[in-house]
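Just below is one structure, and these are the notes that go with it.
The values are calculated or read from the model by the stated rules, or taken from the named source; none is laboratory data. This is a predicted model, so every value here is computed, not measured. Positions of Cβ are generated from backbone atoms using ideal geometry, with glycine treated the same way; all protein chains shown enter the neighbour counts.
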Amino acid sequence: MRGIGMITVVLALGLLAGCRARGGEPETQHVKAGTGPVPAGESGKQATPAPVVRPPAVAGGFYPSSPKALREMIEAFLARVPDLDAGGQIVAAMAPHAGYVYSGQVAAYTHRLLQTASFDTIVIIGHDAYRGAVAFVCPVDAFETPLGRVPVDRDMVARLQAYHRGIVADRAIHAREHTVEVQLPFLQVSGRKFKVVPILFGVPTLDNARILASAIRDAAGDKKVMVLASTDMSHYPTYEDANKLDRATLDVLSGFDSRKLFAHLRGVESSGRVGNLKTGMCASGGVLTAIEYARTAGADRVKVLTYANSGDVPVGDKGRVVGYGAAVFVKSARGAD
Ligand SMILES: [Zn+2]
């Protein structure tokens with residue numbers, strides 16, 4: 001039985017502490033919104049088509065599948081967050097996306113502050129897919145979790161696609177992905193009404209981040225929009241190295257300069273200075289986009305809320321960790337001009 005226990009721990013770390021290994025990736029499908037066949041009703045009139053729902057992919061793995069257990073777990077995380085003051089209007093945010101047992105407490109810092117923010121639609125940007133596009137949107141009507149369905153802002157999805165041909169619809173790439181999904185229950189527990197725009201980033205370059213940020217600004221129109229970058233930090237250095245590198249990365253993030261963050265991440269990833277480093281940030285495209293978007297939305301600073309890594313939780317292995325940071329991008333109350 002000891003062997004099975006070991007396998008479970010290894011699997012848990014590999015799958016839940018950070019990102020899943022990229023498997024065989026499905027071909028991109030360019031699915032156009034609303035072009036499916038419409039079933040005819042009994043009277044011959046066209047019936048309203050059933051909503052296309054993206055079911056949960058990682059319930060029972062990354063977080064509990066029981067609505068009660070899930071709600072209780074999130075509420076316990078939120079209750080343990082100390083009083084926070086963003087010091088102004090939050091226009092974008094960053095939260096980790098590992099299994100809740102690893103990163104849920106850090107994510108709760110961001111989500112506790114998001115509960116105080118006002119928005120109609122939240123754009124959640126998950127993993128860098130490293131595939132030839134700016135970003136991949138998901139052409140469905142709703143994302144489902146054990147806490148219910150979150151409607152997708154299809155109007156905004158269509159506007160994003162219309163803005164730039166590099167923003168493409170791809171239902172398949174979203175089907176088994178966890179980085180957007182794991183943020184939703186945190187947003188659902190408060191009972192607030194909101195829509196989501198689920199996005200996976202393509203190739204994380206500064207140009208692509210600027211395109212996506214401009215597209216979000218353009219597609220938002222008069223809506224109140226929040227941007228949430230769903231990312232973990234360093235992957236697989238030792239506990240000590242991760243603490244050093246991730247805190248340096250958060251310092252650079254605090255400088256609120258996408259160019260410097262990009263240079264810092266690519267520099268450290270290519271230098272070989274940090275042993276067993278696969279990436280410094282697995283969804284850097286979303287964070288670069290959040291910086292670019294927040295700047296044009298009037299934000300003037302980044303507030304880092306907390307940091308921890310998988311070595312900080314009892315089941316974590318300090319020899320090989322994944323880092324988690326929480327931050328918000330804020331338009332200061334005093335600098336509102
Ligand atoms: Zn990740």
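Per-residue answers, yes or no, for (1) over 19 Å from residue 93 (Cβ atoms); (2) within 16 Å of the ligand (Cβ to nearest atom); (3) not acidic (Asp, Glu):
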residue: 136; (1), (2), (3): yes, yes, yes
residue: 140; (1), (2), (3): yes, no, yes
residue: 143; (1), (2), (3): no, no, yes
residue: 148; (1), (2), (3): yes, no, yes
residue: 165; (1), (2), (3): yes, no, yes
residue: 179; (1), (2), (3): no, yes, yes
residue: 185; (1), (2), (3): no, no, yes
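Which one is surrounded by the most Cβ atoms within 10 Å (Cβ to Cβ), of the residues in segment 187-201 that are within 15 Å of residue 153 (Cβ to Cβ) and within 16 Å of the ligand (Cβ to nearest atom)? Can you show your working first?
Initially, segment 187-201 is screened for residues within 15 Å of residue 153 (Cβ to Cβ), giving 187, 192-199.
After this cut, where a residue has to be within 16 Å of the ligand (Cβ to nearest atom) as well, the list is 198-199.
Values: 198: 28, 199: 31.
My answer is 199.
Looking at (1) closer than 26 Å to residue 131 by Cβ; (2) away from the ligand (no atom under 16 Å from the Cβ); (3) touching a helix residue (DSSP H, G or I) at 6+ places or on another chain (Cβ under 6 Å), which one does residue 204 not meet, given that it meets all the others?
Looking at each condition in turn, residue 204 falls short on (2).
Pick from segment 226-247 the residues that are within 14 Å of the ligand (Cβ to nearest atom) and part of a loop (DSSP other than H, G, I, E, B): which of them is nearest to residue 92 (Cα to Cα)?
231
Pick from 90, 74: which is assigned to a helix (DSSP H, G or I) and either surrounded by 19 or more Cβ atoms within 10 Å (Cβ to Cβ) or of a type in the set (Ser, Thr, Tyr) (or both)?
Values: 90 fails: assigned to a helix (DSSP H, G or I).
Among 90, 74, only 74 is assigned to a helix (DSSP H, G or I) and either surrounded by 19 or more Cβ atoms within 10 Å (Cβ to Cβ) or of a type in the set (Ser, Thr, Tyr) (or both).
Any chance you could count how many residues in segment 124-136 are in contact with a Leu (Cβ under 6 Å, 6 or more places away or on another chain) and aliphatic (A, V, I, L, M)? Steps first, answer last, please.
To start, the set of residues in segment 124-136 that are in contact with a Leu (Cβ under 6 Å, 6 or more places away or on another chain) comprises 124, 126-127, 129, 134-136.
Next cut, aliphatic (A, V, I, L, M) only: 124, 129, 134-135.
Here the count works out to 4.
For segment 81-137: of the residues being at pLDDT 95 or above and aromatic (Phe, Trp, Tyr), which is nearest to residue 217 (Cα to Cα)?
119
Among the residues of segment 281-311, how many are surrounded by fewer than 19 Cβ atoms within 10 Å (Cβ to Cβ) and part of a helix (DSSP H, G or I)?
So the answer is 2.
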